[in-house]
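**Q** Handing you this structure, nothing more for now.
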Amino acid sequence: MIKFENISKSFSGLKALDDINLILKPKTFNLLVGPNASGKSTLIKSILGLVNVNGNLSVENKNIRNTFEYRNKIGYMPQSFSFPANLTVNEILELVKSLRSNKIYDEEILYKFQIDKIGSKKLINLSGGTKQKVNAAIAFLFDPEILILDEPTAGLDMISSNILKEKLIGENQKGKTILVTSHVFSEFESIAENIILLSEGKLNHFGLIKDLLNLTNETKLEKALAKWIKMKN
């Protein structure tokens, strides 16, 4: 469980998060959406302990200020790859493995993406889509209880996107908690359970996707969100 209690964060006087109260229950699949500068990245970084926030934030009933051990339960896929360009894929994977005490690996998606066949290639020689595949494989590598993926299908072709989504569905069915951000709502509206809508740092809406569709009398999430925002304004 990830619990936000009165979470706020400001940068240079501007509120990136404004009194967020939210509970992400275990085993749920959550889609985080919102306009640019709505606070999505800051919310994710707060869970990872990468930004200090006001309020109480706990993961698996442990306040993140008191421990870093909870991070071992999280698999994170950032928007962009941030490893040195001169490293090979194998060197990157070994580097990541060396940073964790967990030696039980989930390499299923690594093989499905055929990353095992490009182990000797340097990062600088990989296409954007291939880098994204490596990025995804690292998120799943340690069989985490919580998966946080930031725009995971960006740069992936249709086949790779489907592989990734099928993997997420499977992990959720195993009891994993999932938080995904995406600007392409159609990618996840049929597989995610909950929708989290941020607007100007505030929690505009949180609930079941099917309930939002019913409330707005829409069949597509994008139209439902647009109508909801208009109704709230």
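The values are calculated or read from the model by the stated rules, or taken from the named source; none is laboratory data. Owing to the predicted nature of the structure, the values given are computational and were not obtained by experimental measurement. Reconstructed Cβ throughout: ideal geometry from the backbone, glycine too, with neighbour counts over all protein chains shown.
**Q** Starting from residues that are acidic (Asp, Glu) and either outside any helix (DSSP H, G or I) or touching a His at 6+ places or on another chain (Cβ under 9 Å) (or both), keep the ones in region 75-122 and report whichever is surrounded by the fewest Cβ atoms within 10 Å (Cβ to Cβ).
**A** Looking at residues that are acidic (Asp, Glu) and either outside any helix (DSSP H, G or I) or touching a His at 6+ places or on another chain (Cβ under 9 Å) (or both), I get GLU107.
**Q** State the number of residues belonging to region 145-162 that are more than 9 Å from GLN79 (Cα to Cα) and not β-branched (Val, Ile, Thr).
**A** Result for region 145-162: 9.
**Q** Looking only at region 69-117, count every residue that is out of contact with any strand residue (DSSP E or B) (no Cβ under 9 Å at 6 or more places or on another chain), among the hydrophobic types (A, V, I, L, M, F, W, C) and in contact (Cβ under 8 Å) with a residue 12 or more places away in the chain and tell me the total.
**A** Residues meeting the conditions: 11.
**Q** While we're on this one: I'm told ASN172 meets every condition in (1) under 23 Å from ILE7 (Cβ atoms); (2) in contact with a strand residue (DSSP E or B) (Cβ under 8 Å, 6 or more places away or on another chain); (3) not aliphatic (A, V, I, L, M) except one. Can you identify the failing condition by its number?
**A** (1)
**Q** Counting only residues that are at pLDDT 95 or above, surrounded by fewer than 18 Cβ atoms within 10 Å (Cβ to Cβ) and of a type in the set (Gly, Ala, Ser), give me the strands (runs of 3 or more DSSP E) lying completely in region 7-63 with at least 1 of them.
**A** 54-59
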